[in-house]
Amino acid sequence: MKSSFSQLAFLLILSTMAAYAGTPGSSPGRKYSSIERMTFPRLESVHKDVEALKQKRIEVSLRTDLTDFHSILHSHGEDSTHTGGTRPEMLADAKKVGVDVILLSDHFRPPRDYMESWRGMKEGVLFIPGSETHGFVIHPMQSIMDKMDSDKEVIIEAVTEGDGLIFLSHIEARPDHSMVGLTGMEIYNRHADAMDDAPSMLAIYQFITDPEKAAEITEAIAKYPHGMLAAHQDYPQEYISKWDTESLKQRVVGIAANDCHHNQIFLSKMVDEETVLVGTNVDKDEDMRKITAGMRPGIKEMTQGHKPGDILASFDFDPYHIFFTNVSTHILAEEQTEESVRKALLAGHAYVSHDWMCDPTGFLVGVSNQDNPKNLLAIMGDEIDHTEGQVLTAVFPLECQMKLFKNGQVVLEETARELAYPIEEPGVYRLESWLTVDDEDRAWIYANPVYVR
């Protein structure tokens, strides 16, 4: 009886929580809940609008000698029991969608040295090893295994030797963490965005034990994989607020955390004609939740014609190629080498983008003089002394809603494809752009700041 009550209570909680998943107004521009975003009318509207945006896109080129490399940070393959994907799978999917650089973030599993993972060019994709550990995403120049049990200060110093990189990760778990000594921080984390909308994730367990809903979700993922994955995309206010605050104290490089594992394949597995297990592709049977037909009558219909152990329904939300275009970090570097990529990230020559809405390649923020606007004096990430006649410039491949921030406060909002803003005084200037999709405003690009001193 206790077990039945527990299962029934679980399902009732799911039903109640789903109604509040990603509620309208929970993020700027949001009109629909995440569950509403997963319905065919919303998905079809999103797809139509995204296709229209792509048609309006024009090619623009960087006014520098740098190249825009589509890059993935905070990525996992074959590195933990809860990682479902492999590095060969990651490579194949990277080639499929034009990813140039992948910075691996293996879960720390001593005595295995994460720096002995893939490194260098593989079939046109550059891999750089690293780890997610101690609350950071780290990419040292060489092994520091002898320092990994040390205090954080020692680890930070060891990682940052030479062109080593260290980013504060999962800001929701450590919002007050010091940025001293760090390269930067995640300004968007895909996993955190999903967990912030846990009710919609939990509602999937309801859908996968209902034959009609299971068929609907399976079809939706097949037709509209990007819209389904982006259903709970919100503006990362907690992350951005910390970034703005910390950028007033020091240079803080903002990156995207894909946090991809290919472990969000939701499954229902037959136990007997009235019982199923629900979980994900990385769950052992004993860790999955047992649901009976007494609680979900549709289970009996789903098990007909099947035998114990059969997979009755499967929702694959996060194949790498979909994750890689959901959000990414575009790195502006001289060449596709580890040395060049490291130097570009240290300089903050990067921006974060939700590429699924539109390819941002060619976007650039810079500072020029009004008498010579084509000559850039600085670009995103740079520091520059303030002088008379400076102009903050930007160019986009698509008309969008621009929001210019100075010291964390909005100083300009306008819809355009280019920006020319007179810099009248020093400050930390950063630019966001937003696109309207299905009558909702969604953040598209977050550029690293220009620090005008």
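The values are calculated or read from the model by the stated rules, or taken from the named source; none is laboratory data. Because the structure is a prediction, the values reported are computed rather than measured. Using ideal geometry, Cβ is built from the backbone for each residue, glycine included, and neighbour counts are taken over all protein chains shown.
Give I322, I379 a once-over and let me know the one that is surrounded by 15 or more Cβ atoms within 10 Å (Cβ to Cβ) and within 20 Å of the chain's Cα centre (by Cα). Before the answer, list the steps.
On the way: I379 fails: within 20 Å of the chain's Cα centre (by Cα).
Every option except I322 fails the conditions.
Residue pairs whose Cβ atoms lie under 7 Å apart, sitting 6 or more positions apart in sequence or on different chains, and linking a residue in segment 44-67 that is under 14 Å from G227 (Cβ atoms) to a partner that is assigned to a loop (DSSP other than H, G, I, E, B) and of a type in the set (D, E), are S45/D438; V46/D438; D49/D438.
Of the residues in segment 40-61, how many are at pLDDT 95 or above and closer than 20 Å to G362 by Cβ? Give the derivation first.
Step one: of segment 40-61, the residues at pLDDT 95 or above are 40-58.
Keeping just the survivors that are closer than 20 Å to G362 by Cβ gives 50-58.
Adding up the residues that qualify gives 9.
Set side by side, the residues E273, E286, E238 differ, and just one is touching an Asp or Glu at 6+ places or on another chain (Cβ under 9 Å), surrounded by fewer than 18 Cβ atoms within 10 Å (Cβ to Cβ) and not aliphatic (A, V, I, L, M), which is E238. When D176 is tested against (1) in the same structural domain as M38 (by TED's automatic domain parsing); (2) over 19 Å from the mean Cα position of the chain (by Cα), only condition (1) is not met. Within segment 351-399, the set of residues being of a type in the set (S, T, N, Q) and assigned to a strand (DSSP E or B) comprises S353, S368, N369, N372, N375, Q390, T393.
On the stretch given as segment 168-189, residues that are assigned to a helix (DSSP H, G or I) and either of a type in the set (A, V, I, L, M, F, W, C) or surrounded by 21 or more Cβ atoms within 10 Å (Cβ to Cβ) (or both) total 2. Within segment 307-324, the set of residues being touching a strand residue (DSSP E or B) at 6+ places or on another chain (Cβ under 8 Å) and more than 20 Å from Q206 (Cα to Cα) comprises K307, P308, Y320, F323, F324.
Just one of the numbered conditions (1) without any contact (Cβ under 8 Å) to a residue 60 or more places away in the chain; (2) over 21 Å from the mean Cα position of the chain (by Cα); (3) under 30 Å from I384 (Cβ atoms) is not true of W243: (2).
Would you confirm, using the coordinates I've provided, whether T337 is polar (S, T, N, Q) and in contact (Cβ under 8 Å) with a residue 24 or more places away in the chain? Against the criterion (polar (S, T, N, Q) and in contact (Cβ under 8 Å) with a residue 24 or more places away in the chain), T337 qualifies. Going by the conditions given, is K343 part of a strand (DSSP E or B), touching a residue at least 60 places away in the same chain (Cβ under 8 Å) and of a type in the set (K, R)? No: the conditions fail for K343. In segment 202-261, counting only helices (runs of 4 or more DSSP H) that sit wholly within it, the ones holding 1 or more residues that are in the same structural domain as E36 (by TED's automatic domain parsing) and basic (K, R) span 211-223.
Give the residue, chosen from L229, L267, L182, that is more than 29 Å from P41 (Cα to Cα) and aliphatic (A, V, I, L, M). Walk me through how you get there before you give the answer.
Values: L229 fails: more than 29 Å from P41 (Cα to Cα); L267 fails: more than 29 Å from P41 (Cα to Cα).
When all the criteria are applied, what remains is L182.
Inspection of segment 388-399 finds a residue satisfying the criterion of being touching a strand residue (DSSP E or B) at 6+ places or on another chain (Cβ under 8 Å), among the acidic types (D, E) and surrounded by fewer than 20 Cβ atoms within 10 Å (Cβ to Cβ).
Would it be correct to say that Y351 is buried (at least 22 other Cβ atoms within 10 Å of the Cβ), among the hydroxyl-bearing types (S, T, Y) and modelled with pLDDT of 95 or more?
The answer is yes for Y351.
Looking only at segment 279-330, count every residue that is in a helix (DSSP H, G or I) and either among the aromatic types (F, W, Y) or closer than 30 Å to Y188 by Cβ (or both) and tell me the total. Outline the logic, then answer.
First, the residues of segment 279-330 that are in a helix (DSSP H, G or I): 285-287, 298-303, 320-326.
Next, from what is left, pick out any that are either among the aromatic types (F, W, Y) or closer than 30 Å to Y188 by Cβ (or both): 287, 320-326.
So the count comes out to 8.
Answer yes or no: is there a residue in segment 191-198 that is within 18 Å of the chain's Cα centre (by Cα) and crowded, with 22+ Cβ neighbours inside 10 Å. Checked against the condition, which is being within 18 Å of the chain's Cα centre (by Cα) and crowded, with 22+ Cβ neighbours inside 10 Å, segment 191-198 yields at least one hit. Within segment 400-428, the set of residues being within 23 Å of the chain's Cα centre (by Cα) and part of a strand (DSSP E or B) comprises C400, Q401, M402, K403, L404, F405.
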